[in-house]
1. Quote the FRET efficiency, to the nearest 0.05, computed for residue 203 versus residue 151 with a Förster distance R0 of 45 Å and r equal to the Cβ-Cβ distance.
2. What does the charge count near residue 50 come to, summing +1 for each Lys or Arg and -1 for each Asp or Glu among other residues with Cβ under 15 Å from its Cβ?
3. Mean residue ellipticity at 222 nm from the helices of the chain, using -39,500 (n - 2.57) per DSSP H segment of n ≥ 4 over the full residue count, to the nearest 500 deg cm²/dmol?
4. Of 75/125; 75/160; 128/160; 125/160; 54/169; 77/128, which pairs sit farther than 28 Å apart, going by alpha carbon to alpha carbon?
5. Any idea how far apart residue 231 and residue 92 come out in nm if each label point goes 7 Å out from Cα toward Cβ?
6. At a Förster distance of 22 Å, what's the computed FRET efficiency of residue 32 paired with residue 169, Cβ-Cβ distance as r, to 0.05?
7. Any chance you could run the full-extension gain for residue 240 through residue 312? It's 0.36 nm times the residue separation minus the Cα-Cα distance, nm to one decimal.
8. Net charge near residue 38, counting Lys/Arg +1 and Asp/Glu -1 over other residues with Cβ under 11 Å of its Cβ?
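Every number here is computed from the coordinates shown, using simple stated rules; none is lab data. On a predicted model such as this, the values are computed, not experimentally measured, just so you know. Please note: Cβ atoms are built from the backbone with ideal geometry, for glycine as well, and neighbour counts cover all protein chains shown.
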Amino acid sequence: MKKFATGLGIALAILGVLVIAYLNGRTHYNPEGVRGNTTGNLNNNGMFAEYDGKIYFANPYDENRLYVMNSDCSKIKKLNDDTVCSINAYGNYLYYVRNNYTTTSLNSIFRGQLLGVIRCRLNGKSPKSLYESVAGVVNLYGNTLYYQHYSNTDGLSFYKVDIDGTNEKRISDNASYPASIYGGSIYYVNTEGNHSIYTYNMNTGANNYYWEANAYMVDMEGDYLYYIDLDADYSLVRVSTTTGIREVLVDGSAGHCIAYNYYNGVIFYHVEGDSPALYRMNADGSDVEFIRAGNITNISCTSQYTFFQIFNTNYLYRVPTKGSTQAELVSIQ
């Protein structure tokens, strides 16, 4: 009887291990239509992504390796050794572009694949490569990743792949930047033409002309289409989707607007020129507020804080996304 009990215990233990392995190995799918990051963050290299009270981010003090912290910036923790950008987070997983060509890339070689589009668990473990070469922006929508695929022969082109790594498909030869998704379509700049704005219907696969412009950093936000107008001295403009009326929010003749991030009715934007600086304003261009002088990069908005860096440095700053304009240096231990 004792031998039987021992044998049964061993069998149950083995079964438990097999069940855990199965559960860890199978893909957990998302509800249709969910997003992995905001358009504004992805337009700014996707260095931060907020999900379920956590901020997943590329730590500039540690060669942009993957970290996590609470939305109030407490309990900072390193997740893995990947150097990352274009971070998306939803459900059970993180998705990001891996680029482990860093000053310690020789060590990276022994960790495996240096480049690609990666899916891992929210704790940074169990990485799975969905694409194993150079990639541009990645955008999660439902159970599909839309991304810029690179090859030595064709350069950047537009691809998609399911989150389980299946159904990889080349969508077009255009180096579409698929950051802006709204109403079942991706809004992008046609880089092979005059930089006008087109849409890609994710249900039908149709590409259609949308708006005449020499545009950069497109962001469709329901009633308005935002973009930087390269033909108007890099002015930040918006177009009403109902009336077609174009409004200039930041006049580029006084200093080029070279980056912005729309987030929940506010816009952070960077103006270069004789007095480069970061500003914040309402989405209609009102109540402009000065944040900080300097050449700014990687503007990343979350519910409590907006993060940014000074160009060509690894210093990270934060300012409340709404309210105070007091920027402070972030220290990550």
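1. Numbers: r = 27 Å, r/R0 = 0.60.
Efficiency, from the Cβ-Cβ distance: 0.95.
2. Summing Lys/Arg as +1 and Asp/Glu as -1 gives +3.
3. Calculated mean residue ellipticity at 222 nm is -3000 deg cm²/dmol.
4. On the way: 75/125 18 Å; 75/160 35 Å; 128/160 16 Å; 125/160 23 Å; 54/169 32 Å; 77/128 21 Å.
Too far apart for the 28 Å limit: 75/160; 54/169.
5. Taking the simple label geometry, residue 231 and residue 92 are separated by 4.9 nm.
6. On the way: r = 18 Å, r/R0 = 0.81.
That gives a FRET efficiency of 0.75.
7. Numbers: separation 72, 0.36 × 72 = 25.92 nm, distance 3.60 nm.
Separation in residues times 0.36 nm, less the Cα-Cα distance, equals 22.3 nm.
8. Spelling it out: positives minus negatives among the neighbours equals -2.
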